[in-house]
Every structure is written in C-alpha cells, then in structure tokens.
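Take a look at the structure set out below.
The values are calculated or read from the model by the stated rules, or taken from the named source; none is laboratory data. What you see is a predicted model, and the numbers here were worked out from it, not measured in a lab. Note that we place each Cβ from the backbone using ideal geometry, even for glycine, and neighbour counts take in every protein chain shown. Heavy atoms of the whole protein, side chains included, go into the accessibility calculation; ligands, DNA and RNA do not. Shrake-Rupley method; radii C 1.70, N 1.55, O 1.52, S 1.80 Å.
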Amino acid sequence: MLKNAFLTLLALAIAIGGGGGSVWYALKTQDGIGAIRIGSWTAFPDIGTQAADPYSKARVAREGVLALGQAEGLSFIAERDSDGELLKRQCAYEIEGGFPTARFWTLYAADRSLGVVETGKPRLAALQSYQVLRQPDNSVLISVSNRPAPGNWLLSDGFGRMYLVLTFYDTPIASSTGLSDVTLPQIVKVGCNA
C-alpha cells in the first residue's frame, strides 16, 4: 500500500516537473512554435493576432508586454550573431545591411528579460531610424560596443548575454505575404574584451 502511494507520488512529481519544465523551455526559447527566422533574427508574426498559438499568448502574458498587431508592426529578436555564437555584452559587433521598408524602426540592446540594457550612462542602448547615418546605397552600418565608435554607435555595457531587438512600425512586412522577400542586416562579431 505504501509502495503504491510512493510510486503514484513519484509519477505525479515527474509529470508535473517535466510538464512545467517543458513549458518553461518553450516560452524561454526564441525558436518556437509560430516563429519565423530570417538570418540571425527571429519573429513571431502572429503574436498580436487572434491566430496566435497558446505559447505565444503565454509568452506575452508572462513578459507583460503589449504585442503589436499585424497592422502596427513586427519585432525581431537576435540572440546569436551571423556565425551562430551567442551575443555577449562584452563583445563588439557590427550590424550591417539594408533594412526593410517601414515608417519607423527601433533597435536596442536587451538583457534576458528583453528590457533595454542598463548602461549606467546618460546614453541609452538604443537607436531609431531617424537618427542613423546611411551609406550611399541606403544601407546602414551600426557599431555595437561599450566603446564609442564613429558613425552609428549602439552602446552595450556590462557582461553576460545580450539580445538585439529590432522593431519595425507601420511596415508591409507585418503581413504574412511580405515576409518571404525580407532580408535583414547581418550581425558580425568584431572582437571581445577579456
């Protein structure tokens, strides 16, 4: 009798622990159900719509963010550079290439909670489309590092993991038909501080 109760409790513990762990992993990973990947960037285009899958809805509820609808825009998150290595705040990167058509876009360095990285300096770890310098071919080159750089510079200070969040507002790529032709800028590692 005691053996059966113990085995029942063990089975419940494994089921609840395994189920909870798998849900936590599914909500924490950037590659999941409903995700699309373009280079290093990942987006969930259905996250602010009625067609959103349950995991996307749970991710929005857990993070406490206001999801953009398809007519409003689309957010892309990068956790790895173009070589597949995790982004680190102590490393320097260059974001290079063209940006899709949008009325406005923002780019910021984020911590694990996808909030803007605290720099402890007056300069935010964020840029937006109206303040960047463009190349003659309309592409953009952005330096991401903790040291000032000429041209477009995105401050990333501290140590540990980093994410880059690129959000396009009022853009045709938010519709499902616009995502097939989209190219996003590459993230190239320049070097790291010890």
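Tabulated data for the structure shown
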read-out	value
Vicinal HN-Hα couplings computed from phi for the stretch 121-132 (Karplus, 6.51 cos²θ - 1.76 cosθ + 1.60; Hz; Gly/Pro x)	10, x, 7, 6, 8, 8, 9, 9, 4, 7, 10, 8
Qualifying chymotrypsin sites (Phe, Trp or Tyr not before Pro) for the stretch 106-179 [loop in DSSP, other Cβ within 10 Å: at most 16]	159
Accessible surface, 1.4 Å probe, highest first, among residues 91, 192	192, 91
Percent accessible area from carbon and sulfur atoms, the stretch 107-184, protein chains only, probe 1.4 Å	54 percent
Local net charge near residue 149, Cβ-Cβ under 14 Å (Lys/Arg +1, Asp/Glu -1)	-1
1.4 Å probe accessible area per residue over the stretch 99-194, in Å²	54 Å²
